[in-house]
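**Q** One structure is given below, represented as structure tokens, and several questions about it will come after.
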Amino acid sequence: MELSYKNADINDAETLIDIYNSAFYDDYILYGECPAYGRSRENMEQSIAEFPKVIAYDQGRPVGVISTKCEGKGKYYIGCLAVKKEEQGKGIGTALMNYFLDGHPDWNEITLVTPCDKEQNIRFYTERFGFDITGEEDDGKVKVLWFRLCR
């Protein structure tokens, strides 16, 4: 697999909605809600403006996305790392994280949240990338963990 990457713009809203809906459908079913699932085009366009996104393509097919926000002084928040369900487990999430890290040599702290019961996500961030779990909170119907990576 040889991935290519593209910075998303508003013309990519439908592509992003498709990726998010595929990646987060199971969360929607499990929790009864998921802010990343079922977004409108208008909502996604607003999200693109607030949280820059990079789309990963495999042989021209969109397969994943990472959404981040610079909070200043080398601090970044990862709002979303999503891979289409049928493409998960192929290293796309790892490639997107590495693409982000390589493209932001100024980073000194990265934070994100993920649901407490998502063991695969927890292992991904802690074991593969060395994030620490720094807190826990209720986010509506879902209990989430806060993660931080510092250097």
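Quick note: the coordinates plus some simple rules give every number you see, no bench work behind them. Computed from a predicted model, the values in this text were never measured in an experiment. Positions of Cβ are generated from backbone atoms using ideal geometry, with glycine treated the same way; all protein chains shown enter the neighbour counts.
**Q** Would you work out which of ILE29, GLY103, TYR77 lies farthest towards the positive end of the dipole of the chain? Charges go on Cβ: Lys and Arg +1, Asp and Glu -1.
**A** GLY103
**Q** OK, next. If you take the beta carbon distance between GLU136 and ARG61 as r and set R0 to 25 Å, what does 1/(1 + (r/R0)^6) give as a FRET efficiency, to the nearest 0.05?
**A** On the way: r = 36 Å, r/R0 = 1.45.
Taking R0 as 25 Å, the efficiency between GLU136 and ARG61 is 0.10.
**Q** Oh, and also: Work out the FRET efficiency for GLU71 and ILE10 from their Cβ-Cβ distance, taking R0 = 22 Å, and round it to the nearest 0.05. Intermediate results must be reported in sequence, preceding the final value.
**A** Working: r = 23 Å, r/R0 = 1.04.
Between GLU71 and ILE10 the formula returns 0.45.
**Q** So what is the orientation-averaged projected area of the stretch 1-85, using the convex hull of its C-alpha atoms, in nm²? Before the final figure, lay out each step's value.
**A** Working: hull surface 24.0 nm².
The directionally averaged projection comes out at 6.0 nm².
**Q** What percentage of all Cα-Cα pairs in the stretch 57-130 are separated by more than 19 Å? Mind showing how you got there, number by number?
**A** Numbers: 949 of 2701 pairs.
Of all Cα-Cα pairs in the stretch 57-130, 35 percent lie more than 19 Å apart.
**Q** Given the Cα-Cα distance of CYS150 and GLU86 and 0.36 nm per residue of separation, how much length would full extension add, in nm? Walk me through the intermediate numbers first.
**A** Working: separation 64, 0.36 × 64 = 23.04 nm, distance 3.17 nm.
Fully extending the segment from CYS150 to GLU86 adds 19.9 nm.
**Q** Separate question: How far apart, in nm, are two points set 7 Å out from the Cα along the Cα-to-Cβ line at GLU42 and at GLU109?
**A** It works out to 3.6 nm between the two label points.
**Q** Under 8 Å for C-alpha pairs, at least 6 residues apart: give me the relative contact order for the stretch 59-151, rounded to a whole percent.
**A** On the way: 133 pairs, mean separation 22.0, N = 93.
Computed over the stretch 59-151, the figure is 24 percent.
**Q** Next up: In vacuo Debye scattering of the chain, one point per C-alpha: log10 I(q)/I(0) at q = 0.08, 0.09, 0.14, 0.18 Å⁻¹?
**A** Rounded to two decimals, the profile gives -0.20, -0.26, -0.67, -1.18.
**Q** Further, regarding this structure: Under a point-charge model restricted to the Cβ atoms of Lys and Arg (+1) and Asp and Glu (-1), what is the dipole moment magnitude of the stretch 3-106 relative to its Cα centre, in debye to the nearest 20?
**A** Numbers: 11 positive and 16 negative charges, 43 e Å.
Charge dipole of the stretch 3-106: 200 debye, to the nearest 20.
**Q** Can you list the HN-Hα couplings for the stretch 106-117, worked out from phi with the Karplus curve (6.51, -1.76, 1.60; θ = phi - 60°), rounded to whole Hz and with x for Gly and Pro?
**A** Those phi angles translate into 7, 5, 10, 8, 10, 10, 6, 10, 8, x, 4, 8 Hz.
**Q** If I model a spin label as a point 7 Å beyond the Cα along the Cα-Cβ vector, how far apart are those points for MET1 and GLU127 in nm?
**A** In this crude spin-label approximation the distance works out to 1.8 nm.
**Q** List, in the order given, every pair from LYS69/LYS90; LYS6/LYS85; LYS53/LYS141 whose Cα-Cα distance in the structure shown is over 22 Å.
**A** On the way: LYS69/LYS90 25 Å; LYS6/LYS85 20 Å; LYS53/LYS141 26 Å.
Violating the 22 Å limit, Cα to Cα: LYS69/LYS90; LYS53/LYS141.
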